[in-house]
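*Asks:* Pasting a structure below so you can have a look.
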Amino acid sequence: MDVAPPQELISATAIDARVKALGAQITADYAGKSLVLLCVLKGSFVFASDLARAIDLPLRIEFLGVRSYGDDTRSSGVVQITQDLTRPIAGDHVLIVEDIVDTGLTLSYLRELLLARGPASAKVCAFLHKPSRSIKPVEIDYLGFTVEDVFVIGYGLDYAERYRNLPYVGVLQT
Ligand code: 5GP
């Protein structure tokens, strides 16, 4: 069965410009500090790798594997850690890099978990935000784009583990 290609919502060019602007802002804000980029797997791996290269500071990258229980398109807010950090973050300035903040349940859970490990600070950089679906408001310190209440794919985001390698953000056409 042929499947229609995803409909483009945010182009690769627009993403590139936004990520570079975020990188410049983070570079200015964290100058002279020990920065740890904390990439939340799997969805933020593409964003985190572009963002890291847009930040002109010495930094460490850590990966946190999480799986949120729920069906394919809805998060339940119950998060399982599937891969923990390789080093302590006590005393470090941690920037949590998320793919998308939807209900906010995952991020608020993760932020509490990380704060318990004693970082000097824990801020959030989210590629996308769907404010219309917020259940647990979380502060997003750096944001790529706001999107409507649609299920988006591409640039790291999947549908049933597919489409993560799309260079743009799109929506599946039905
Ligand atoms: P939240 O806990 O904020 O509701 O959801 C967080 C997680 O749900 C995201 O990190 C992402 O993995 C998944 N998610 C939420 N909305 C979307 C979406 O529109 N597309 C995709 N691919 N994943 C989403």
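The values are calculated or read from the model by the stated rules, or taken from the named source; none is laboratory data. Keep in mind that this is a model prediction, so the values were computed, not measured. No Cβ is skipped: glycine too gets one built from the backbone with ideal geometry, and neighbour counts run over all protein chains shown. All accessible areas refer to the heavy atoms of the entire protein, side chains included, with ligands and DNA or RNA removed. Shrake-Rupley method; radii C 1.70, N 1.55, O 1.52, S 1.80 Å.
*Asks:* Has the stretch 80-93 got any residue that is under 26 Å from GLY23 (Cα atoms), at pLDDT 95 or above, within 12 Å of the ligand (Cβ to nearest atom) and β-branched (Val, Ile, Thr)?
*Replies:* no
*Asks:* Within the stretch 147-163, track down each residue that is more than 8 Å from the ligand (Cβ to nearest atom) and either within 13 Å of the chain's Cα centre (by Cα) or small (Gly, Ala, Ser) (or both).
*Replies:* Across the stretch 147-163, the qualifying residues are GLY154, TYR155, GLY156, ALA160.
*Asks:* Which of (1) open to solvent by 60 Å² or more (accessible area, probe 1.4 Å); (2) at pLDDT 95 or above does ASP50 not meet, given it meets every other one?
*Replies:* Evaluating ASP50 over (1) open to solvent by 60 Å² or more (accessible area, probe 1.4 Å); (2) at pLDDT 95 or above leaves (1) as the failure.
*Asks:* For the stretch 15-41, name all the residues that are among the β-branched types (Val, Ile, Thr) and either assigned to a strand (DSSP E or B) or within 19 Å of GLY118 (Cβ to Cβ) (or both).
*Replies:* Filtering the stretch 15-41 for residues among the β-branched types (Val, Ile, Thr) gives 15, 19, 26-27, 36, 40.
VAL36, VAL40, listed by residue number.
*Asks:* Within the stretch 98-120, which residues are away from the ligand (no atom under 11 Å from the Cβ) and within 20 Å of PHE47 (Cβ to Cβ)?
*Replies:* At the first step, the residues of the stretch 98-120 found to be away from the ligand (no atom under 11 Å from the Cβ) are 111-120.
Result: ARG111, LEU114.
*Asks:* Here is a further query. Looking at GLU112, GLU148, GLU161, GLU62, which one is open to solvent by 40 Å² or more (accessible area, probe 1.4 Å), modelled with pLDDT of 90 or more, farther than 30 Å from THR174 by Cα and not hydrophobic (A, V, I, L, M, F, W, C)? Please lay out each step first, then the result.
*Replies:* Working: GLU148 fails: farther than 30 Å from THR174 by Cα; GLU161 fails: farther than 30 Å from THR174 by Cα; GLU62 fails: open to solvent by 40 Å² or more (accessible area, probe 1.4 Å).
Sole residue among the options that is open to solvent by 40 Å² or more (accessible area, probe 1.4 Å), modelled with pLDDT of 90 or more, farther than 30 Å from THR174 by Cα and not hydrophobic (A, V, I, L, M, F, W, C): GLU112.
*Asks:* Hey, any hits in the stretch 77-88 for a residue that's over 28 Å from LEU35 (Cα atoms) and open to solvent by less than 80 Å² (accessible area, probe 1.4 Å)?
*Replies:* no
*Asks:* Give the residue, chosen from LYS123, LYS130, that is in contact with an Asp or Glu (Cβ under 8 Å, 6 or more places away or on another chain) and more than 11 Å from the ligand (Cβ to nearest atom).
*Replies:* Details: LYS130 fails: more than 11 Å from the ligand (Cβ to nearest atom).
After ruling out the rest, the residue left standing is LYS123.
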